[in-house]
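Below is one structure, written out as structure tokens; the observations come after it.
The values are calculated or read from the model by the stated rules, or taken from the named source; none is laboratory data. In this text the structure is predicted, and so the values were computed from the model without any measurement. Cβ placement follows ideal geometry from the backbone for every residue including glycine, while neighbour counts extend to all protein chains displayed.
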Amino acid sequence: MEQIQQLLRDGSLKPGDRLPTERDLCQQLGVSRATVREALRILEATGFIEVRLGAHGGSFLTSPSLEVVGENLANLLTLSPITASAATEARQVFELGILPLILERATPEDIAVLRSLVAEARAAQAKGLYSTDMSAAFHVRLAACTHNPAIEALMHSFYGPLSSSLRQAKNLAPNMGTKGIEEHDEIVDAIENHDLSRAHEILSDHIERTAQRVAATEG
């Protein structure tokens with residue numbers, strides 16, 4: 001699997017290219033057919049290749065979507081010993097750091113999507129259906145306003161630890177959602193008005209409150 005990925009990294013293979021047959025891969029890579037099949041299975045599961053059936057089928061290299069890349073990174077983070085406090089501290093550095101790009105690059109369409117997420121959260125809160133996953137989704141979409149694929153992938157990867165830290169904070173303050181939704185709305189206002197200092201102030205307070213609650217639950 002690593003050898004196939006190296007061929008992609010060094011340019012020998014490109015997205016859309018068809019991989020050699022299993023037999024040829026066995027010969028080129030010096031491994032058994034069972035090893036090749038297992039490697040292809042893992043590469044397909046992680047979004048690196050697409051297996052097509054039929055006369056013109058085979059294994060084709062793909063360009064993994066940001067969601068797939070983020071999901072793979074998220075799985076690694078989930079398995080690592082990252083505490084909710086560590087995740088929240090990382091959010092303070094990362095999310096506040098990308099705010100200037102968000103204000104510079106956010107489009108009217110981005111603003112509209114963020115508004116819709118706030119509206120959905122309010123409606124869910126009124127029905128008692130609000131979840132911290134909705135808050136996490138807002139922050140992931142906020143990062144997408146940078147229109148930087150690397151930042152988007154990193155934020156997608158952070159979704160699991162982010163949701164976990166928010167749930168932990170909510171256990172201490174069950175009504176935290178109402179305040180958070182209002183702050184989300186104020187952040188969107190600040191972005192639309194290109195008011196960086198206001199956006200930074202709100203987001204900083206927003207994450208700091210979560211940090212304090214998480215710290216309290218971890219003792």
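Out of everything in region 24-53 that is farther than 18 Å from Leu8 by Cβ and among the aliphatic types (A, V, I, L, M), what residue ends up being modelled with the highest pLDDT? Ranking the candidates gives Ala34 first. Among residues of region 5-20 being in a helix (DSSP H, G or I) and over 24 Å from the mean Cα position of the chain (by Cα), the one that is modelled with the highest pLDDT is Gln6.
Number of residues in region 138-182 that are modelled with pLDDT of 70 or more, more than 20 Å from Thr107 (Cα to Cα) and surrounded by fewer than 16 Cβ atoms within 10 Å (Cβ to Cβ) equals 3. Pick from region 91-135 the residues that are small (Gly, Ala, Ser) and touching a residue at least 40 places away in the same chain (Cβ under 8 Å): which of them is farthest from His147 (Cα to Cα)? Out of the qualifying residues, it is Ala121.
Report whether or not Arg91 is in the same structural domain as Lys179 (by TED's automatic domain parsing), of a type in the set (Lys, Arg), within 19 Å of the chain's Cα centre (by Cα) and surrounded by 17 or more Cβ atoms within 10 Å (Cβ to Cβ). It is true that Arg91 is in the same structural domain as Lys179 (by TED's automatic domain parsing), of a type in the set (Lys, Arg), within 19 Å of the chain's Cα centre (by Cα) and surrounded by 17 or more Cβ atoms within 10 Å (Cβ to Cβ). When His56 is tested against (1) at pLDDT below 75; (2) out of contact with any helix residue (DSSP H, G or I) (no Cβ under 6 Å at 6 or more places or on another chain); (3) surrounded by fewer than 16 Cβ atoms within 10 Å (Cβ to Cβ), exactly one condition is not met: (1).
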